[in-house]
Amino acid sequence: MENQFTVINPFYTAPHAINLQINTEKGVTYDVKGERIFYVIKDTFCPLHYRRVLYDDKQNPILTTYKKIMALRERCKVFKGESNDPSEFLFSVKDIKKPSKIPRGISKLNVFLANNKDEKNCDFRVIIHGSKRSCIVYAGESPTVVAQMENNGGFNVLVYPNVDYAFIVALLMIVNEMNYKEPRDGTSTSTTANMVATALSLLGTSSS
């Protein structure tokens, strides 16, 4: 992959692939050596809003995810640091609900960066299989994979070269909080090959 995909900070990119393990119960992200690199603090003081803050291991706030609990449309906004000020807005994540275009057992999130005002095309998309058994993150509506995750009791994550891994962790924080169910017919789509094939069929699905 030649392009660099930076959303949070170039510091969180590397010229090689990165493996991460996310303990979804504790909200802690570990590197391949088992060392903690990120952790999440949940805001329990405001029952009307979903708010999570991602910190690095030196207790510096990296970003905040924020969503109104009673919002009619599933959209989560992400800001720099601990802010929810519009000037610190980084990106938003929208849950796409189009049963006629999305295969059964698949969920789709569209990601729009702060400079994407009209949102005609997403900047990234997340294809989720079943009850968060696995997912792939793509650049826009292209077939370019930037990260993938398999759920093995926690999230085992592969971040591709030159991709902002703090951004990927933020996306998976949001995925982890969402409620997805397995298809009732027991259809299995857990393999990476099936994930890619199904996701390619979703090219061109817009957010409108």
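The values are calculated or read from the model by the stated rules, or taken from the named source; none is laboratory data. Keep in mind that what you see is a predicted model, and the values were worked out from it rather than measured. Counting neighbours? That spans all protein chains shown, and the Cβs are built from the backbone with ideal geometry, glycine included.
The condition of being part of a strand (DSSP E or B), at pLDDT below 95 and not aliphatic (A, V, I, L, M) does not hold for SER190. All conditions in (1) within 10 Å of the chain's Cα centre (by Cα); (2) among the hydrophobic types (A, V, I, L, M, F, W, C); (3) in a strand (DSSP E or B); (4) at pLDDT 95 or above hold for ILE168, with the sole exception of (3). For region 108-148, filtering for residues that are in contact with a Lys or Arg (Cβ under 9 Å, 6 or more places away or on another chain), crowded, with 18+ Cβ neighbours inside 10 Å and on the phi > 0 side of the Ramachandran plot leaves 1. Just one of the listed residues (ASN162, ASN151) is polar (S, T, N, Q) and either on the phi > 0 side of the Ramachandran plot or touching a Pro at 6+ places or on another chain (Cβ under 9 Å) (or both), and it is ASN162.
TYR12 meets each of the listed conditions (1) closer than 13 Å to ASP164 by Cβ; (2) loosely packed, with under 12 Cβ neighbours inside 10 Å; (3) not polar (S, T, N, Q) apart from (2). Count, please, the residues in region 63-100 that happen to be closer than 23 Å to ILE127 by Cα and either at pLDDT 80 or above or buried (at least 18 other Cβ atoms within 10 Å of the Cβ) (or both). Final tally of qualifying residues: 17.
The rows are residues; the columns are (1) modelled with pLDDT of 95 or more; (2) more than 25 Å from THR24 (Cα to Cα); (3) not in a loop (DSSP other than H, G, I, E, B).
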position	(1), (2), (3)
LYS108	no, no, yes
VAL111	yes, no, yes
LYS117	no, yes, no
GLU141	no, yes, no
VAL146	yes, no, yes
MET149	yes, no, yes
GLY153	no, no, no
VAL157	yes, no, yes
PRO161	yes, no, no
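Looking only at region 33-56, residues that are in contact with a strand residue (DSSP E or B) (Cβ under 6 Å, 6 or more places away or on another chain), outside any strand (DSSP E or B) and either of a type in the set (S, T, N, Q) or modelled with pLDDT of 95 or more (or both) come to 0 in all. Among the residues of this structure, GLY105 counts as one that is touching a residue at least 40 places away in the same chain (Cβ under 8 Å), at positive phi and crowded, with 21+ Cβ neighbours inside 10 Å. For region 7-22, a tally of residues being under 23 Å from LYS77 (Cα atoms) and more than 14 Å from the chain's Cα centre (by Cα) returns 5.
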